[in-house]
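Following: one structure in structure tokens, then a few remarks.
Any read-out appearing in this document is the output of simple, stated calculations on the displayed coordinates, not a laboratory observation. Model, not experiment: these values are computed from the prediction. Cβ coordinates were reconstructed from backbone atoms using ideal geometry, including for glycine residues, and neighbour counts include every protein chain displayed.
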Amino acid sequence: MSQNFAIVRTPGKTINRGLRIFDRGEVDVDLAREQHEKFCRVLKDIGYNIVVWMSSNDGLPDSVFVEDPAVILGDTLVMTRLARPERRGEEKELEKELQMHFQNIQRITDPGLVEGGDVLVTDDTLYIGLSKRTDIVGINQLSRIAEPLGYNTKTIILPDDRLHLKGEVTYHPDTNTITTTPRLAPEFKNAQQRIIEIPVDDGLGRFGANCISKGNKIITTSECPMAEKILSGYGYEVFPVDLSEFNKIDGAMSCLAKFF
Ligand code: GLY
């Protein structure tokens, strides 16, 4: 299903206190804001209409990552339940902005945990990462919401040094394509979509398979030049964007927007 609309949120002054698994250096707050503005400009350039641009909340340092507090399944908005207490509260703020756009609102409830970054939604299947942020109770709740809507569900177990499934994989509805790291590619061997593998390294380029597209225009993270090269070879028009400051706090590109 093609998506035209996006929601984003400006990074706050406290983004340098965002959660992280490893110390990858201090976040430069001003640079993060510049990178975010550029990213939003490119989202518009490739054809998205940013219908909601939320203002920052310094009490919620990770709230720029609007991907996590919700999962969107067509007309159904699923509000998730975030694992880390530091992030709780983001759900309510996002729901206020999104609710008018959806007919049906469902929720992941206590004790279930799901973060949107762990949920890859294709037209037919939800691939759900079992991680430190998304647990089996949450996965079962989400499956019970998604299956009556016509989706299959498949769980993918993540190693402890990965935050979210989608750090390594994204779905591109207009070209029916999944971009993934070679490590995760076998998980999609039965998928109906074209699979494009993008080798990544463990530095900031580790999010190279996480890209956002509209038609044959695709935004890649400039920290992974390999992504640009491979995707150009497949005929995409590539728009590299520097997201180094978000990468430092484990944020991949798709964490910065929700699409519907
Ligand atoms: N910094 C993103 C997260 O840990 O949730």
Any chymotrypsin sites (Phe, Trp or Tyr not before Pro) in region 18-113 that lie in a DSSP loop and have at most 15 other Cβ atoms within 10 Å would be F22
Restricting to DSSP loop positions (anything but H, G, I, E, B) with no more than 13 other Cβ atoms inside 10 Å of their own Cβ, which trypsin sites (Lys or Arg not before Pro) remain in region 11-44? K13
Computed FRET efficiency, Cβ-Cβ of D123 and E237, R0 22 Å: what is it to the nearest 0.05? 0.45
Approximate spin-label separation R107-Q192, in nm, with each point projected 7 Å along Cα-to-Cβ: 3.3
At 1.002 mPa s and 20 °C, Stokes D of the chain from Kirkwood alpha-carbon radius, µm² per second: 119
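Greater than 23 Å separation of Cα atoms is the criterion. Which listed pairs, K154/K189; K154/K217; K132/K214, meet it?
K154/K217; K132/K214
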Volume per residue of the C-alpha convex hull in region 58-104, rounded to whole Å³: 68
Between E86 and N216, what FRET efficiency comes out of the Förster formula 1/(1 + (r/R0)^6) with R0 = 41 Å and r the beta carbon distance, rounded to 0.05? 0.60
